[in-house]
Amino acid sequence: MNTHTTTKEKTMTDTITLAEAIAHTGTDVLDYLDREVSVPVVTRAACQGDVSILRVTTQAATKPLPKYLAVVRGESGGNTHALHPDGECYFDPAVVREDSLVLGTLTVAEGSTALLSHPEHGYLSIAPGTYRIGRQREWAGEWALVAD
């Protein structure tokens, strides 16, 4: 991340460790997760629990992403999936209907990254581009949102 230095300044394309992501955002994860592991970088598609990230070619988001944005809150208030910008990032929330899986559009500017955090899953680093942030659903005799 651009807020940490070693022998050379890190850039947005460098991988970061879980410990660096926690230090940058201030959002911790559960103790059993290895703080020295590299955070995966999303360039096309990924899922983190019940949240999906899919690169799209739609119009870029325009609202500046705040330092912390809960995109899906855990059922009992914990285990929230949250977005954190590092540099220029934008998020336009979708109009959420009961049957909608789309939560919003995230745009990460060149030279920037966004981090998606979750206490049990750790972090994902999202590379520059425009992405649809959504929910996942599963079939268990009927369609239901994945509960994380």
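The values are calculated or read from the model by the stated rules, or taken from the named source; none is laboratory data. In this text, all values refer to a predicted model and were calculated from it rather than measured experimentally. Neighbour counts run over all protein chains shown; Cβ positions are idealised from the backbone, glycine included.
In the stretch 56-63, is there at least one residue being under 15 Å from the mean Cα position of the chain (by Cα), modelled with pLDDT of 95 or more and not hydrophobic (A, V, I, L, M, F, W, C)?
No, the stretch 56-63 contains no residue that is under 15 Å from the mean Cα position of the chain (by Cα), modelled with pLDDT of 95 or more and not hydrophobic (A, V, I, L, M, F, W, C).
Asn79 fails exactly one of the following numbered conditions: (1) in contact (Cβ under 8 Å) with a residue 12 or more places away in the chain; (2) farther than 19 Å from Asp28 by Cα; (3) in a loop (DSSP other than H, G, I, E, B). What is the number of that condition?
If we test Asn79 against (1) in contact (Cβ under 8 Å) with a residue 12 or more places away in the chain; (2) farther than 19 Å from Asp28 by Cα; (3) in a loop (DSSP other than H, G, I, E, B), just (2) comes out false.
Check Leu30, Leu18, Leu101 and return the single one that is modelled with pLDDT under 95 and in contact with a Gly (Cβ under 7 Å, 6 or more places away or on another chain). Step through it out loud before you land on a result.
Working: Leu30 fails: in contact with a Gly (Cβ under 7 Å, 6 or more places away or on another chain); Leu18 fails: modelled with pLDDT under 95.
Every option except Leu101 fails the conditions.
Scan the stretch 16-39 and give yes if some residue there is assigned to a strand (DSSP E or B) and under 30 Å from Trp143 (Cβ atoms), otherwise no. Spell out how you get there, then give the answer.
Within the stretch 16-39, the first condition is being assigned to a strand (DSSP E or B), and the residues that meet it are 17, 38.
Subsequent filtering for residues that are under 30 Å from Trp143 (Cβ atoms) retains none.
Looking for residues that are assigned to a strand (DSSP E or B) and under 30 Å from Trp143 (Cβ atoms), one finds none in the stretch 16-39, hence no.
Residue-by-condition table, conditions (1) closer than 17 Å to Thr62 by Cα; (2) part of a strand (DSSP E or B); (3) more than 17 Å from the chain's Cα centre (by Cα):
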site: Pro85; (1), (2), (3): yes, yes, no
site: Arg97; (1), (2), (3): no, no, yes
site: Thr105; (1), (2), (3): yes, yes, no
site: Ala114; (1), (2), (3): yes, yes, no
site: Ser125; (1), (2), (3): no, yes, no
site: Tyr131; (1), (2), (3): yes, yes, no
site: Gly134; (1), (2), (3): no, yes, no
site: Glu138; (1), (2), (3): no, yes, yes
